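Report on one structure; see the data block that follows.
The values are calculated or read from the model by the stated rules, or taken from the named source; none is laboratory data. Predicted model, so just to flag it, every value in this text is computed and none were measured. A quick note on method: Cβ atoms are made from the backbone with ideal geometry, for glycine too, and the neighbour counts reach across all protein chains shown.
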Amino acid sequence: MKNWAGSHEYAAARIHRPTSVEQLQELVAGSRRVRALGTRHSFTDLADTTGDLVSTLDLPPTVDVGDTTVRVAAGVRYGDLALRLHEHRLALATMASLPHISVGGAVATGTHGSGDRTGSLAAAVAALDHVGADGELHRVARGEEDFAGHVVALGALGVTTHVTLDVEPAYDVRQDLFTDLDWDAVDLDELTGAAYSVSLFTGWTNGRIDQAWLKSRGTEAPVLAAEPAATTLHMLAGADVAAVTEQGGRPGPWHERLPHFRLEFTPSRGEELQSEYLLPRRRAAEAVDALRRLAPGFAHLLQVSEVRTIAADDLWLSGAYAGDAVGLHFTWVRDRPAVYAALPAIEAALLPLGARPHWGKCFVATADQLAPAYPRLGDFRDLAGRLDPERKLRNEFLARHVGLEWTNEP
């Protein structure tokens with residue numbers, strides 16, 4: 001079995017699809033090594049193991065809607081959750097570009113949308129239910145000790161069964177696209193502040209922002225000194241525009257505009273690799289300049305790059321921990337050796353600026369290299385040691401990038 005992009009073939013000895021939490025508990029309790037698997041949208045071995053993989057997709061698709069929160073099964077896709085919430089005239093504050101990803105997996109990896117004043121998907125978590133390494137059910141809620149270490153946890157603390165998320169009244173969004181902006185002429189803060197959610201697409205080599213996607217709450221058009229798009233656009237050259245959410249400034253339900261892609265279509269291009277680095281917002285201009293200088297060395301591998309913003313949170317392994325962040329995203333061609341050969345030069349430029357890689361995408365930095373960017377990394381290791389003393393939830397990825405000691409024993 002491979003991941004969504006076909007870039008990783010799972011090495012697990014067995015794959016289980018429990019249909020109840022009780023079955024999941026038995027599997028975890030009886031396993032020597034175990035990792036959780038959602039919609040397989042991570043691009044690496046993050047979710048792999050030499051032991052047992054347990055899918056959360058066949059667990060009952062619970063969606064319990066309250067006045068200010070919703071408790072949802074971890075395997076439910078964000079697009080399906082959004083439809084249920086909209087039926088109740090409720091909404092999430094943000095969505096990722098893909099509505100196809102599972103709630104549990106997206107939260108665990110710090111996945112995000114875009115917006116100067118909007119946190120990541122994980123920032124909306126009010127509580128988590130998970131099966132711990134001991135096979136017992138555990139619940140942690142906002143305000144409890146070490147809660148901030150449990151949310152973006154990479155599956156190292158347990159198998160999440162349910163996530164409780166903050167919700168708000170439903171709202172409308174309009175999506176307006178603009179083209180051909182000059183990097184040297186724009187003020188990045190003004191540009192990303194021009195709408196509720198802003199995404200900028202570039203190839204880095206021509207000095208231009210090729211497309212700016214502005215998603216505004218309500219019906220008022222954003223003001224931007226740029227050329228409005230004359231037709232529906234896809235950020236990837238030659239890709240089918242039927243897959244993207246409605247553009248052209250016509251207001252519509254939040255869940256039909258905040259993602260870039262429609263739930264019923266294959267998102268992006270499918271055959272690809274992705275990387276992303278989240279940096280302190282104050283270092284954004286330096287990072288942009290660095291990538292423009294480096295671009296001739298990686299442009300032949302790049303399908304498109306996206307710039308987004310994320311508001312600060314207090315989650316220990318979040319890319320926006322303790323400060324507003326800018327995300328620099330890369331959609332690569334699916335040439336793993338060539339992409340991984342290009343990443344060290346990019347990281348050499350971005351890591352000194354405080355870059356934190358998206359945990360579910362491609363990067364090469366080791367735990368020692370990442371430690372300066374994660375002040376609570378040591379606390380997370382201690383937490384993992386207390387909750388999983390037998391190290392059954394660990395794998396090579398967590399050893400390599402987080403520093404959780406691990407041996408590959410059967």
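Taking interchain pairs and intrachain pairs at least six residues apart, which have beta carbon atoms under 8 angstrom, with the first residue in region 26-54 and among the hydroxyl-bearing types (Ser, Thr, Tyr) and the second buried (at least 19 other Cβ atoms within 10 Å of the Cβ) and in a helix (DSSP H, G or I)?
From region 26-54, the pairs are THR39/GLY105; SER42/GLY105; THR44/PHE397.
One residue is enough: does region 167-184 have a residue meeting the conditions aliphatic (A, V, I, L, M), touching a residue at least 12 places away in the same chain (Cβ under 8 Å) and closer than 19 Å to GLY385 by Cβ?
First pass over region 167-184, keeping only residues aliphatic (A, V, I, L, M): 167, 170, 173, 177, 181.
The next check asks that each one be touching a residue at least 12 places away in the same chain (Cβ under 8 Å); those that pass are 167, 170, 173, 177, 181.
Keeping just the survivors that are closer than 19 Å to GLY385 by Cβ gives none.
Checked region 167-184: no residue is aliphatic (A, V, I, L, M), touching a residue at least 12 places away in the same chain (Cβ under 8 Å) and closer than 19 Å to GLY385 by Cβ.
Go over the candidates VAL223, VAL198 one by one and state the one that is among the aliphatic types (A, V, I, L, M), in the same structural domain as LEU328 (by TED's automatic domain parsing) and either at pLDDT 95 or above or within 15 Å of PRO259 (Cβ to Cβ) (or both). Please lay out each step first, then the result.
Working: VAL223 fails: either at pLDDT 95 or above or within 15 Å of PRO259 (Cβ to Cβ) (or both).
Unique residue meeting the criteria: VAL198.
Given the conditions (1) in a helix (DSSP H, G or I); (2) over 26 Å from HIS401 (Cα atoms), which single one is not true for GLY238?
It fails just one condition, (1).
Taking the criterion of being modelled with pLDDT under 95 and out of contact with any helix residue (DSSP H, G or I) (no Cβ under 9 Å at 6 or more places or on another chain), would at least one residue in region 272-281 satisfy it?
From region 272-281, those modelled with pLDDT under 95 are 272; that's our starting set.
Narrowing the set further to residues that are out of contact with any helix residue (DSSP H, G or I) (no Cβ under 9 Å at 6 or more places or on another chain) leaves 272.
Yes, there is a match, as at least one residue in region 272-281 is modelled with pLDDT under 95 and out of contact with any helix residue (DSSP H, G or I) (no Cβ under 9 Å at 6 or more places or on another chain).
What helices (runs of 4 or more DSSP H) lie completely within region 1-120 and have 3 or more residues being surrounded by fewer than 23 Cβ atoms within 10 Å (Cβ to Cβ) and either touching a Leu at 6+ places or on another chain (Cβ under 8 Å) or at pLDDT 95 or above (or both)?
Working: elements: 21-30, 78-87, 103-108.
Result: 21-30, 78-87.
Which residue, of VAL163, VAL152, is in contact (Cβ under 8 Å) with a residue 12 or more places away in the chain, in a strand (DSSP E or B) and in the same structural domain as VAL103 (by TED's automatic domain parsing)? Spell out how you get there, then give the answer.
Details: VAL152 fails: in a strand (DSSP E or B).
Only one candidate passes the filter, namely VAL163.
Regarding ASP129, is this residue assigned to a strand (DSSP E or B) and modelled with pLDDT of 95 or more?
Working: assigned to a strand (DSSP E or B): yes; modelled with pLDDT of 95 or more: yes.
So ASP129 fits the description; yes.
Here is a check on your reading of the model: is LEU24 in contact with a Ser or Thr (Cβ under 8 Å, 6 or more places away or on another chain) and not assigned by TED's automatic domain parsing to the domain that holds VAL244? Don't jump to the end; show me each part of the working.
Working: in contact with a Ser or Thr (Cβ under 8 Å, 6 or more places away or on another chain): yes; not assigned by TED's automatic domain parsing to the domain that holds VAL244: yes.
Spelling it out, LEU24 is indeed in contact with a Ser or Thr (Cβ under 8 Å, 6 or more places away or on another chain) and not assigned by TED's automatic domain parsing to the domain that holds VAL244.
Say whether the condition of being in contact with a helix residue (DSSP H, G or I) (Cβ under 9 Å, 6 or more places away or on another chain), among the acidic types (Asp, Glu) and in a strand (DSSP E or B) is met by at least one residue in region 306-314. So that I can check it myself, show each step before the final result.
Of the residues in region 306-314, the ones in contact with a helix residue (DSSP H, G or I) (Cβ under 9 Å, 6 or more places away or on another chain) are 307-314.
The next check asks that each one be among the acidic types (Asp, Glu); those that pass are 313-314.
Imposing the further condition that a residue be in a strand (DSSP E or B) reduces the set to 313.
Among the residues of region 306-314, at least one is in contact with a helix residue (DSSP H, G or I) (Cβ under 9 Å, 6 or more places away or on another chain), among the acidic types (Asp, Glu) and in a strand (DSSP E or B), which makes the answer yes.
When the residues of region 136-149 are narrowed to those that are in contact (Cβ under 8 Å) with a residue 12 or more places away in the chain and part of a loop (DSSP other than H, G, I, E, B), which ends up nearest to ARG40 (Cα to Cα)?
GLU136
Can you report the number of residues in region 185-226 which are in a strand (DSSP E or B) and among the acidic types (Asp, Glu)?
Here is the first cut: in region 185-226, the ones in a strand (DSSP E or B) are 197-202, 208-217.
Filter once more, so that each one left must be among the acidic types (Asp, Glu): 210.
So the answer is 1.
Among residues belonging to region 146-187 that are touching a helix residue (DSSP H, G or I) at 6+ places or on another chain (Cβ under 6 Å) and of a type in the set (Ser, Thr, Tyr), point out the one that is nearest to ASP67 (Cα to Cα).
Ranking the candidates gives TYR171 first.
Which condition number in (1) within 23 Å of ARG308 (Cβ to Cβ); (2) in contact with a strand residue (DSSP E or B) (Cβ under 9 Å, 6 or more places away or on another chain); (3) touching a residue at least 60 places away in the same chain (Cβ under 8 Å) is the one that THR111 fails?
Every condition holds for THR111 apart from (2).
Look through ALA325, ALA384, ALA373, ALA320 and report the one residue that is more than 19 Å from GLU276 (Cβ to Cβ), buried (at least 18 other Cβ atoms within 10 Å of the Cβ), aliphatic (A, V, I, L, M) and modelled with pLDDT of 95 or more. Spell out the reasoning first.
Numbers: ALA325 fails: more than 19 Å from GLU276 (Cβ to Cβ); ALA373 fails: more than 19 Å from GLU276 (Cβ to Cβ); ALA320 fails: more than 19 Å from GLU276 (Cβ to Cβ).
The unique qualifying residue is ALA384.
Examine region 319-326 for a residue that is among the hydrophobic types (A, V, I, L, M, F, W, C), farther than 28 Å from GLY207 by Cα and either touching a Gly at 6+ places or on another chain (Cβ under 7 Å) or not assigned by TED's automatic domain parsing to the domain that holds LEU191 (or both), and state whether such a residue exists.
Here is the first cut: in region 319-326, the ones among the hydrophobic types (A, V, I, L, M, F, W, C) are 320, 322, 325-326.
Pick out the ones that are also farther than 28 Å from GLY207 by Cα and you get 322.
Subsequent filtering for residues that are either touching a Gly at 6+ places or on another chain (Cβ under 7 Å) or not assigned by TED's automatic domain parsing to the domain that holds LEU191 (or both) retains none.
No, region 319-326 contains no residue that is among the hydrophobic types (A, V, I, L, M, F, W, C), farther than 28 Å from GLY207 by Cα and either touching a Gly at 6+ places or on another chain (Cβ under 7 Å) or not assigned by TED's automatic domain parsing to the domain that holds LEU191 (or both).
Test ASP240 against the criterion of being out of contact with any Lys or Arg (no Cβ under 7 Å at 6 or more places or on another chain), at pLDDT 95 or above and not assigned by TED's automatic domain parsing to the domain that holds THR94, and give yes or no. If you could, list the steps in order and put the result at the bottom.
Values: out of contact with any Lys or Arg (no Cβ under 7 Å at 6 or more places or on another chain): yes; at pLDDT 95 or above: no; not assigned by TED's automatic domain parsing to the domain that holds THR94: yes.
So ASP240 fails the test.
Tally up the residues in region 264-287 that are under 26 Å from ALA221 (Cβ atoms) and in a loop (DSSP other than H, G, I, E, B), please.
Adding up the residues that qualify gives 0.
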